[in-house]
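Participant: Below is a structure I'd like to ask you about.
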Amino acid sequence: MKRAVIYARYSTDLQNDQSVEDQIRLCKAHAERLGLNVVGELFDRAKSGASMFGRPGLARLMQKADADEFDVLVAEHPDRISRDIADLAHIHKTLRFRRIEINCVNGGAMDTVQIGMYGVVGQMQREEGAKKVKRGMVGVVRSGRNAGGRAYGYRPVPGRKGELEIVEEEAEVVRRIFSLYASGIAPRAIAATLNDESVPAPRGKRWNASTLNGNGQRGNGLLLNPIYAGKLIWNRVHMVKDPSTGRRISRINPEIEHEEIEAPHLRIVDDALFEAVQNRKASRGGAHSRSTPKYKRLLSGLLRCGGCGGGMAINGSDRSGPRVICSTHKEFGQLRQWSAILCREDRATGH
């Protein structure tokens, strides 16, 4: 009797948590009809089929295949295994090399032609679904509502999906930040002042300069956000998955693709102050002031301050090599005793 492993998956945008149990039940019945001995059940909950990465159930399946622990893979449908043409073909090719058959409740035994056909259909459906979601979000923005995310100074209106209202306590902080920056105060000094006064930060425990500066090309950062001047701009960036890592990365869209809507009910600062801030930002480098590529080093993201646990950043160099400093001390303007000492390593190599 051939050994079979069942694989099930559902994605958050299409199905619910019970879908895994439903798929396994169907696959068990299918295996019984085929006279297979089910020796394992593997699944991934709330995982997209767009990539093989980040799916521990699928990874375990491939490990079992390498160890020759089963003869048939049973799934409800090929798109449960993958909804990407290349990934589905790769899985089929690998399993076929291991003499493992893919047999689906909907479709039966899969050959190369069926895998190619289902791979194309699955990817087309996934991409069409993404287009429909985007069209829906465009409609939300054009109606003057928020398509996602929440800027500091606003909160959702209960019972009115997509609508925002101003939080006056936070709006006062926004006006203060704009006024200080327009008067010549640096973002790092503004962040330090807010931290000293224990003003709650938008995210995390502390304010920092990057919260205010953001990225000019992407239009984020408190000082660059047009919502404070009563404008909603959407579709500045889009997300893509790196096929080599499975990680989602953002890419900047051409300006012609941006959706800009007037939203006077969300205005917090007047046009004169907002323009003064944008002019000062432009005079200090503008959108491309930080466009120089950043190269990772051996210990990038790994070094931590022994005093506070914050990350470490390069702060110049000397004859012995790069020097590093505690980012919390540098960015947040903390006045604690440990922040008076530069946290250093002899070299970025860790020696």
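The values are calculated or read from the model by the stated rules, or taken from the named source; none is laboratory data. Here the structure is a predicted model, which means the values were calculated and not measured. No Cβ is skipped: glycine too gets one built from the backbone with ideal geometry, and neighbour counts run over all protein chains shown. With ligands, DNA and RNA removed, areas are computed over all heavy atoms of the protein, side chains included. Shrake-Rupley method; radii C 1.70, N 1.55, O 1.52, S 1.80 Å.
Participant: Which residues, taken from segment 114-169, are β-branched (V, I, T) and farther than 16 Å from R83 by Cα? Spell out how you get there, then give the answer.
Facilitator: Of all residues in segment 114-169, those β-branched (V, I, T) come to 115, 120-121, 133, 138, 140-141, 157, 166-167.
Result: V133, V138, V140, V141, V157, I166, V167.
Participant: Filter segment 220-255 for residues that are closer than 21 Å to S143 by Cβ and either in a loop (DSSP other than H, G, I, E, B) or basic (K, R) (or both) and give the result.
Facilitator: Within segment 220-255, N225, G230, K231, N235, R236, N253 qualify.
Participant: Looking only at segment 305-316, decide whether some residue is modelled with pLDDT of 80 or more and under 30 Å from V140 (Cα atoms). Walk me through how you get there before you give the answer.
Facilitator: First, pick out the residues of segment 305-316 that are modelled with pLDDT of 80 or more: 305-306.
The next check asks that each one be under 30 Å from V140 (Cα atoms); those that pass are none.
No: zero hits.
Participant: Let me ask something additional. Going by the structure shown, is Y118 over 23 Å from E275 (Cβ atoms) and touching an Asp or Glu at 6+ places or on another chain (Cβ under 9 Å)? Show your work before the answer.
Facilitator: On the way: over 23 Å from E275 (Cβ atoms): yes; touching an Asp or Glu at 6+ places or on another chain (Cβ under 9 Å): yes.
Against the criterion (over 23 Å from E275 (Cβ atoms) and touching an Asp or Glu at 6+ places or on another chain (Cβ under 9 Å)), Y118 qualifies.
Participant: Now for a separate question. Anything in segment 152-162 that is open to solvent by 40 Å² or more (accessible area, probe 1.4 Å) and more than 23 Å from the chain's Cα centre (by Cα)? List them, or say none.
Facilitator: So in segment 152-162, the residues open to solvent by 40 Å² or more (accessible area, probe 1.4 Å) come out as 155-156, 158-161.
Scanning segment 152-162 gives P158, G159, R160.
Participant: Could you count how many residues in segment 24-43 are under 33 Å from the mean Cα position of the chain (by Cα) and over 13 Å from V5 (Cα atoms)?
Facilitator: Residues flagged as under 33 Å from the mean Cα position of the chain (by Cα) and over 13 Å from V5 (Cα atoms) within segment 24-43 amount to 0.
Participant: So, one more: Right, A65: closer than 17 Å to T94 by Cβ and within 29 Å of the chain's Cα centre (by Cα) or not? Please lay out each step first, then the result.
Facilitator: Values: closer than 17 Å to T94 by Cβ: yes; within 29 Å of the chain's Cα centre (by Cα): no.
Taking the combined requirement at face value, the residue does not satisfy it.
Participant: For segment 120-129, name all the residues that are in contact with a Lys or Arg (Cβ under 8 Å, 6 or more places away or on another chain) and open to solvent by less than 50 Å² (accessible area, probe 1.4 Å).
Facilitator: Result: G122, Q123.
Participant: Against the definition (assigned to a loop (DSSP other than H, G, I, E, B), surrounded by fewer than 18 Cβ atoms within 10 Å (Cβ to Cβ) and modelled with pLDDT of 90 or more), how does R176 come out, yes or no? If you could, list the steps in order and put the result at the bottom.
Facilitator: Numbers: assigned to a loop (DSSP other than H, G, I, E, B): no; surrounded by fewer than 18 Cβ atoms within 10 Å (Cβ to Cβ): yes; modelled with pLDDT of 90 or more: yes.
For R176, the condition - assigned to a loop (DSSP other than H, G, I, E, B), surrounded by fewer than 18 Cβ atoms within 10 Å (Cβ to Cβ) and modelled with pLDDT of 90 or more - is not met.
Participant: Against the definition (of a type in the set (V, I, T), closer than 30 Å to G184 by Cα, at pLDDT 55 or above and over 26 Å from the mean Cα position of the chain (by Cα)), how does I325 come out, yes or no? Break it down stepwise before answering.
Facilitator: Details: of a type in the set (V, I, T): yes; closer than 30 Å to G184 by Cα: yes; at pLDDT 55 or above: yes; over 26 Å from the mean Cα position of the chain (by Cα): yes.
Judged against the criteria, I325 is a match.
Participant: For D271, all conditions in the list (1) open to solvent by 40 Å² or more (accessible area, probe 1.4 Å); (2) in contact with a strand residue (DSSP E or B) (Cβ under 7 Å, 6 or more places away or on another chain); (3) under 22 Å from V141 (Cα atoms) hold save one; what is the number of the exception?
Facilitator: The single condition D271 does not satisfy is (2).
So that you can scan it fast, the table gives a plain yes or no per residue for (1) outside any strand (DSSP E or B); (2) among the acidic types (D, E); (3) open to solvent by 50 Å² or more (accessible area, probe 1.4 Å); (4) over 21 Å from N220 (Cα atoms):
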position	(1), (2), (3), (4)
K131	yes, no, yes, yes
G144	yes, no, no, no
R150	yes, no, yes, no
E172	yes, yes, yes, no
A189	yes, no, no, no
A192	yes, no, no, no
S198	yes, no, yes, yes
A201	yes, no, no, no
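Participant: Only one of G221, G216 is under 24 Å from I252 (Cβ atoms) and modelled with pLDDT under 85; which? I'd like the intermediate steps shown before the answer.
Facilitator: Working: G221 fails: modelled with pLDDT under 85.
Answer to the check: G216.
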